[in-house]
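Beneath this line is the structure, given in structure tokens, with notes to follow.
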Amino acid sequence: MVLSKTERKIIEDSIRDIKDFPKPGIVFKDITTLLNNKEAYGVLMNHLYQRYKEYNLDYIAGIDARGFIFGAALAQMLGLGFVPIRKKGKLPYTTISEKYSLEYGVDEVEVHIDAFSEIPNARVLIIDDLIATGGTANAAATLVKQTGAECVEACFIIGLGFLDGIKNLEEKTDVYSLIEMD
């Protein structure tokens with residue numbers, strides 16, 4: 001399922017650009033304006049529901065923290081469980097973790113070791129707001145696989161096409177980005 005031109009415009013127009021955040025030269029894509037726009041958020045979530053209702057998913061895994069917003073809502077709409085993939089040190093039970101490179105260092109995400117254990121070979125959709133270089137998303141896909149589950153697809157509201165994040169992630173899983181921005 002593809003967004004119509006009208007749906008795409010509604011969503012694109014609801015995303016605010018913040019120049020020089022978090023540092024000079026970066027244009028931050030602010031989704032808070034999408035979240036507080038009931039029409040845009042409704043169009044987005046309806047589109048995601050329509051896209052994924054026939055995927056036979058078992059879980060939605062949201063990447064810390066904005067992926068939680070879309071992932072938990074979509075999981076509820078689809079009648080699925082939601083699993084948070086968090087930054088290191090934020091989960092209370094036994095975890096597995098994966099490090100990834102940033103343009104300014106290294107970070108790490110983790111998931112509960114038994115996050116998908118109720119369903120053998122669970123089919124998982126990873127979701128987040130944006131993919132840039134793809135480090136976090138690649139780490140999340142690796143974690144899903146390490147738990148014995150299958151990452152069916154990684155979904156992003158925004159894909160920054162001028163970076164190689166989508167291309168790199170496609171080596172591990174299918175990738176769907178609603179809106180490509182340069």
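Derivation of every value follows stated rules applied to the coordinates shown; laboratory data play no part. Just so it is clear, the structure is predicted and the values come from calculations on it, not from any experiment. Here the Cβ is made from the backbone with ideal geometry for all residues, glycine too, and neighbour counts use every protein chain on show.
Which entries of 19/145; 19/88; 87/167; 5/87; 90/145; 23/87 show an alpha-carbon separation above 25 angstrom in the structure shown?
On the way: 19/145 36 Å; 19/88 29 Å; 87/167 23 Å; 5/87 36 Å; 90/145 20 Å; 23/87 21 Å.
Listed pairs above 25 Å: 19/145; 19/88; 5/87.
Determine the dipole magnitude for the chain: charges of +1 sit on the beta-carbon of Lys and Arg, -1 on that of Asp and Glu, nothing else is charged, the reference point is the Cα centre, and the result goes in debye to the nearest 20. Spell out each step's value before the answer.
Values: 20 positive and 27 negative charges, 64 e Å.
Here the size comes out at about 300 debye.
How big is the equivalent ellipsoid of the range 52-140 along its three axes, where each semi-axis is √(5λ) from the Cα gyration tensor, reported in whole Å from largest to smallest?
Values: eigenvalues 97, 48, 24 Å².
Semi-axis lengths for the range 52-140 are 22, 15, 11 Å.
Please name whichever of 105, 74, 85 sits farthest to the positive end of the charge dipole of the range 49-115, dipole taken about the Cα centre and charges placed at Cβ: Lys and Arg +1, Asp and Glu -1.
74
Using R₀ = 25 Å, calculate the FRET efficiency as 1/(1 + (r/R₀)^6) where r is the Cβ-Cβ separation of residue 21 and residue 107; round to 0.05. Don't skip to the end; give the middle numbers.
Numbers: r = 18 Å, r/R0 = 0.74.
Using R0 = 25 Å, I get an efficiency of 0.85.
Which one of 2, 155, 143 has its Cα pushed farthest toward the positive end of the charge dipole of the range 1-156, where Lys and Arg give +1 and Asp and Glu give -1 at the Cβ?
Checked the options; the winner is 2.
Give me the extension gain from residue 87 to residue 164: residue separation times 0.36 nm, minus the current Cα-Cα distance, reported in nm with one decimal.
Details: separation 77, 0.36 × 77 = 27.72 nm, distance 2.23 nm.
Separation in residues times 0.36 nm, less the Cα-Cα distance, equals 25.5 nm.
Which FRET efficiency, nearest 0.05, do residue 182 and residue 32 yield, Cβ-Cβ r, R0 25 Å?
On the way: r = 22 Å, r/R0 = 0.87.
Approximately 0.70, to the nearest 0.05.
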